[in-house]
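Comments concern the structure below.
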């Protein structure tokens, strides 16, 4: 009778090929967690952070860290500078991953990459969220319009110049309609701040 070990190993590698793997994902797949260490010792997997693993030879992109964060911070939404990067509305690569979480949620425990956590609630958190698949992970992130509105709402965090550049890019690259942008700004209660800049640029 063949050993079960190759089957479990194959199943774990197949799971890892779909994207970053949490230790808890193995429970759903019926794979003992001990296999994580075994495959790390063999150089097939590498530990990214506490409880998070990926293929040692995985193709990494500049957005891979967003997939890793989304896998760990399941209640968070990628936003602000990180969302600008995803939407192609900035040429800069953020040094941190920007995440929106509920005002009452626990602070995410992620060692790497470094997070910039911003808190919101109600419509300011729930409005304008879309799903993108990055490295096999379903990533929740703010839409282009919501991202611009958030940059104005959290302008003390990102800087007014970043908010203005995001607004210019949104309009110039036609990332969405003005009506959608106004709706996002109203959800963020920042339309009054954005309006003069929008009227000057539109």
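The values are calculated or read from the model by the stated rules, or taken from the named source; none is laboratory data. Everything numeric in this text was worked out from a predicted model, so none of it was measured. Virtual Cβ from ideal backbone geometry, glycine too; neighbours counted across all protein chains shown.
Hey, does the range 3-15 have a residue that's surrounded by 12 or more Cβ atoms within 10 Å (Cβ to Cβ), assigned to a helix (DSSP H, G or I), touching a residue at least 40 places away in the same chain (Cβ under 8 Å) and not assigned by TED's automatic domain parsing to the domain that holds residue 134?
Yes, the conditions are met somewhere in the range 3-15.
Quick one: residue 82 ticks every box in (1) under 22 Å from residue 63 (Cα atoms); (2) modelled with pLDDT under 95; (3) in contact with a strand residue (DSSP E or B) (Cβ under 8 Å, 6 or more places away or on another chain) except a single one, so which number is it?
Answer for residue 82: the failing condition is (2).
Do we find a residue being within 19 Å of residue 192 (Cα to Cα) and either in the same structural domain as residue 192 (by TED's automatic domain parsing) or modelled with pLDDT of 95 or more (or both) anywhere in the range 93-114?
No, that holds for no residue.
Inspect the range 69-76 for any residue being surrounded by fewer than 14 Cβ atoms within 10 Å (Cβ to Cβ) and not assigned by TED's automatic domain parsing to the domain that holds residue 120 and give the result as yes or no.
no
From the list 190, 147, which residue is within 19 Å of the chain's Cα centre (by Cα) and modelled with pLDDT of 95 or more?
Unique residue meeting the criteria: 147.
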